[in-house]
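The values are calculated or read from the model by the stated rules, or taken from the named source; none is laboratory data. The model shown is predicted, which means the values in this text are computed figures rather than measured ones. Counting neighbours? That spans all protein chains shown, and the Cβs are built from the backbone with ideal geometry, glycine included. When the accessible area is computed, the model is the full protein with side chains, heavy atoms only, and any ligands, DNA or RNA have been set aside. Shrake-Rupley method; radii C 1.70, N 1.55, O 1.52, S 1.80 Å.
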Amino acid sequence: MLCAGKKSYFVAGVCIITVTSMLTVSYLRLQRLSHQPQVIQEGRRCRGKIANSTITALKGNKTFIISPYFDDRESKVTRLIGIVHHDDVKQLYCWFCCQPNGKIYVSKAKIDVHSDRFGFPYGAADIVCLEPENCDPTHVSINPFPHGNIDQLPRFEIKNRKAETFSVDFTVCISAMFGNYNNVLQFIQSMEMYKILGVQKVVIYKNNCSHLMEKVLKFYIEEGTVEIIPWPINSHLRVSSEWHFMQDGMHIGYYGQITALNDCIYRNMERSKFVVLNDADEIILPLKHPDWKTMMNSLQEQNPGTSVFLFENHIFPETVSSHMFNISFWNTVPGVNILQHVYREPDRKDVINPRKMIVDPRKVIQTSVHSVLHAYGNSVNVPMDVALIYHCRKALQRDLPRKSLIRDTTLWRYNSSLIMNVNKVLSQTMLRPQK
């Protein structure tokens, strides 16, 4: 009736747009209604077994739950960090048990598989459920169906329910430690550099490492610096040490690194002012400031409204050494001595250097490895004259002669404190010969 008798193309276009908009609004409203929590049982006690593993498989569903987090930045939801088969998992439901009234609410989940899956069939996913309005549930269960017996489902504690004051300024997230990791000396040097630069906490998603590395981790755990998150992903999936599916055809890439990074952001959302996403062989080195706190104060002042700061990665080949800082007893410890590697590769033509990040975790929704996928606020590339990532590893440009490398001794500004601190750790872990 609205369009009857109108022959003008303009009017017809307006009609089509109007009707389409009305249908879209109606569809979105129905979608939201379908996701509203519904009471299915009353007078029940929550008796399901509490899940205490880092990775919990849902039976026969190709879904793995890491941890749920309360998220009220847009609406009152429980956001579960998980891993799903991108094609086979189409429907999941959150089961909330509200005490003391014993009402059980079921809420249809929105399954958001992260775009950076790199061709692997399994990928990081946000499983998001609206919470009941009149209840602040402490636990949630996940089921492929809106009906069943809640007592048979594992229960997950919903973290971040209570806002906290920041206990630390900087937390480093390292994911994932695998391959019987044994680069002990470089790991200790990185840890001590992080502490010099202002880090109070390092969270490591550990798949496996050497016995010697376990000894070092034990020291840092007892010191209060390191928190270990067990990461037995290869107990559930065929994992790849590569980042792209075409390289080996496994279930998930790089030991589920992206899932671990996202979990680490939410895990530290209420307790750390900043979260640093990098690997154990990478150090963000400030060039204009003595430490990260001073650097970040300056960067935030210059870039208001920015929540993601990206730092350019530069390779310092472990095959090219300086004769400086050849400390004899360090040679008895497995791993690389970063103080001897101060020659970096030049930029490659038409190749963009990857970046790692320091982020405000309360502003991040989803992250990948080298960029944030969804966030509130802006992202900014930090200029190389402000800071760069010192990345000591195998060379990428293996055929370059030494004269083509760039001598960069920024790291040596910290040599006195670093040597003293590393020696202390080696002594206390009995890795340094006793006098």
**Prompt:** Using helices alone, what [θ] at 222 nm do you get for the chain, with -39,500 (n - 2.57) per DSSP H run of 4 or more residues, divided over all residues and rounded to the nearest 500?
**Reply:** -6500 deg cm²/dmol
**Request:** Multiply the residue separation of residue 147 and residue 417 by 0.36 nm, subtract the distance between their alpha-carbon atoms, and state the gained length in nm to one decimal.
**Result:** 91.2 nm
**Message:** Could you tell me what a quarter of the Cα convex hull surface of segment 168-431 works out to, in nm² with one decimal place?
**Reply:** 14.4 nm²
**Message:** Accessible area of segment 131-213 with a 1.4 Å probe: how many percent of it is carbon plus sulfur?
**Reply:** 51 percent
**Item:** In nm, spacing of pseudo-spin labels at residue 404 and residue 72 (7 Å Cα→C-beta vector)
**Value:** 5.8 nm
**Item:** Residue-level accessible surface for residue 111, protein heavy atoms, 1.4 Å, Å²
**Value:** 40 Å²
**Prompt:** Which chymotrypsin sites (Phe, Trp or Tyr not before Pro) in segment 208-281 pass both tests, a DSSP loop state and at most 11 other beta-carbon atoms within 10 Å?
**Reply:** none
**Complete:** Loop-resident trypsin sites (Lys or Arg not before Pro) in segment 61-143 with no more than 16 other Cβ atoms inside 10 Å, DSSP not H/G/I/E/B, are 73, 76, 90
**Asked** In nanometres, what is the gap between the two model label sites at residue 294 and residue 384, each 7 Å from Cα along Cα-to-Cβ?
**Response** 2.4 nm
**Message:** So the label point goes 7 Å from the Cα of residue 101 along Cα→C-beta, right? Which residues of segment 131-157 then have their backbone N under 19 Å from it?
**Reply:** 131-141
**Length added when fully stretched, residue 323-residue 348, from 0.36 nm per residue minus Cα-Cα** = 6.3 nm
**Request:** May I ask for the longest run of the chain untouched by GluC sites (Glu not before Pro) that are loop-located per DSSP and have at most 16 neighbouring C-beta atoms (other than their own) within 10 Å?
**Result:** 243-435
**Prompt:** Quick one: if the Förster radius is 25 Å, what FRET efficiency do residue 45 and residue 134 give, using the C-beta to C-beta distance and rounding to 0.05?
**Reply:** 0.85
**Fill in**
Of all chymotrypsin sites (Phe, Trp or Tyr not before Pro) in segment 297-370, the ones in DSSP coil with at most 13 other Cβ atoms within 10 Å are none
**Prompt:** Can you name the helices of the chain, as whole DSSP H runs, whose Cα span along the helix axis is 30 Å or more and whose Kyte-Doolittle mean is not below 1.0?
**Reply:** 9-34
